[in-house]
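Below is one structure, written out as structure tokens, with a few remarks after it.
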Amino acid sequence: MGSRLGLFPTLAVLVLVSAVGAALVKREGLRVFHRFQEQIAAGNMPTNEMVDGVCLLIAGVLLVVPGFVTDAVGLLLLLPPFRLLLRRRLKKSSGKKVNIVATYNGRIVETNGVINVNEHSNPPKEIEP
């Protein structure tokens with residue numbers, strides 16, 4: 001591209017795509033973060049939001065790395081429909097259901113529901129460091 005456009009126009013396009021890409025990653029990242037918080041507050045495991053967050057992280061890196069191919073892949077990862085297709089493909093190719101367990105504010109959050117530890121008569125004992 002440098003031989004067709006010239007050095008400075010090529011550099012300008014790469015810098016412009018990086019700047020616009022960074023702004024788009026920030027905007028999409030905030031959307032995903034809000035959806036993540038909503039899922040946690042509802043007692044659901046935010047698996048889709050975690051995958052979207054990883055996609056946005058990769059997109060951010062690809063948009064900062066100079067190159068038209070990396071910019072194109074980074075911009076694709078910013079598009080929610082592309083991330084949806086990617087999530088479906090990952091779920092289909094994994095073939096196994098993974099049980100994810102996390103703790104959050106006195107609750108045990110699993111993929112199949114939420115256990116409120118504070119409401120159980122025999123809560124699990126805490127592990128001392």
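Probe radius 1.4 Å, ligands and nucleic acids ignored: give me the carbon and sulfur share of the accessible area of the range 16-77 as a rounded percent.
Carbon plus sulfur share of accessible area: 76 percent.
Just subtract the alpha-carbon distance of Leu16 and Arg31 from 0.36 nm times their residue separation and send over the number in nm, one decimal.
3.1 nm
If I model a spin label at Val69 and Phe82 as a point 7 Å from the Cα along the Cα→Cβ vector, what separation in nanometres do I get?
1.5 nm
The values are calculated or read from the model by the stated rules, or taken from the named source; none is laboratory data. All values reported here derive from a predicted model rather than from experimental measurement. As a convention, Cβ positions derive from the backbone with ideal geometry for all residues, glycine included, and neighbour counts pool all protein chains shown. Accessible surface areas use protein heavy atoms only, side chains included; no ligands, DNA or RNA. Shrake-Rupley method; radii C 1.70, N 1.55, O 1.52, S 1.80 Å.
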